[in-house]
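Trainee: Here it is: the structure, laid out below.
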Amino acid sequence: MADQQTIEGPAVFEIHCYGGKDLPSQYQNVVRSRWVRTYRNCNDMMKLVFPPAYYSAYSVYVKQILARPLVEVRLAVLQEDPDVVLGFSITEAENVLHYVEVKRDLRRNGIATALVPNEIKWFSHITKTGLKIWSRKYPEAHFSPFI
């Protein structure tokens, strides 16, 4: 059963969970493209990579992560229209956070908190916002892009 939460106004969102390999086709491109695009925009080091090389290589890398057997994709979707993805998280083995993304205009409504489990011990991707959250919410966690 999906968890329900309210965002600003009357809208209610649900969290849907899928194995990375089992992500329904209507969500695959949304997750992949938003992950690749927002990671480049929110990480200054990734902005230095020649754009065609970044998009080509990182799209393959994201696809490989999603194919891992212990990867879970959590989607925050509107209850009344589950095709509207408000945000998502990619976790692995219950303690690795690969990525979390929430639409910019919907942030600070508890969506990311609902998407990320409390027991995170490792991060494989880091952004400017992620650095702030890491020290505040997960000070004992470790960063490694090699997970």
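Trainee: Name every residue in the stretch 48-73 that is surrounded by 12 or more Cβ atoms within 10 Å (Cβ to Cβ) and either touching a helix residue (DSSP H, G or I) at 6+ places or on another chain (Cβ under 7 Å) or in contact (Cβ under 8 Å) with a residue 24 or more places away in the chain (or both), in order of residue number.
Mentor: Tyr54, Tyr55, Tyr58, Ser59, Val62, Lys63, Ile65, Leu66, Arg68, Val71, Glu72, Val73
Trainee: Could you list all residues from the stretch 107-121 that are out of contact with any Phe, Trp or Tyr (no Cβ under 6 Å at 6 or more places or on another chain) and either surrounded by fewer than 17 Cβ atoms within 10 Å (Cβ to Cβ) or part of a loop (DSSP other than H, G, I, E, B) (or both)? Give the derivation first.
Mentor: As a first pass, look at the stretch 107-121 and keep what is out of contact with any Phe, Trp or Tyr (no Cβ under 6 Å at 6 or more places or on another chain): 107-119, 121.
Arg107, Arg108, Asn109, Gly110, Thr113, Val116, Pro117, Asn118, Glu119, Lys121, listed by residue number.
Trainee: Residue by residue through the stretch 126-144, note down the ones that are open to solvent by less than 90 Å² (accessible area, probe 1.4 Å), not hydrophobic (A, V, I, L, M, F, W, C) and not in a helix (DSSP H, G or I).
Mentor: Our first condition is that a residue be open to solvent by less than 90 Å² (accessible area, probe 1.4 Å); within the stretch 126-144, this holds for 126-127, 129-130, 133-135, 138-139, 141, 143-144.
From what is left, the residues that are not hydrophobic (A, V, I, L, M, F, W, C) are 127, 129-130, 135, 138-139, 144.
If the condition is that a residue be open to solvent by less than 90 Å² (accessible area, probe 1.4 Å), not hydrophobic (A, V, I, L, M, F, W, C) and not in a helix (DSSP H, G or I), then Thr127, Tyr138, Pro139, Ser144 are the ones that fit.
Trainee: When you scan the stretch 89-101, do you find a residue that is buried (at least 18 other Cβ atoms within 10 Å of the Cβ), more than 26 Å from Glu140 (Cβ to Cβ), of a type in the set (Val, Ile, Thr) and modelled with pLDDT of 95 or more, even just one?
Mentor: Just the residues of the stretch 89-101 that are buried (at least 18 other Cβ atoms within 10 Å of the Cβ), to begin with: 89-92, 96-101.
Checking which are more than 26 Å from Glu140 (Cβ to Cβ) leaves us with none.
Within the stretch 89-101 (the criterion being buried (at least 18 other Cβ atoms within 10 Å of the Cβ), more than 26 Å from Glu140 (Cβ to Cβ), of a type in the set (Val, Ile, Thr) and modelled with pLDDT of 95 or more), the answer is no, since none of the residues qualifies.
Trainee: For the stretch 69-81, check the following and say yes or no: at least one residue is part of a helix (DSSP H, G or I) and closer than 24 Å to Phe13 by Cα.
Mentor: no
The values are calculated or read from the model by the stated rules, or taken from the named source; none is laboratory data. Only a predicted model underlies this, so the values are computations on that prediction, with no experimental measurement involved. Cβ coordinates were reconstructed from backbone atoms using ideal geometry, including for glycine residues, and neighbour counts include every protein chain displayed. Surface accessibility is based on the protein's heavy atoms, side chains included, excluding ligands, DNA and RNA. Shrake-Rupley method; radii C 1.70, N 1.55, O 1.52, S 1.80 Å.
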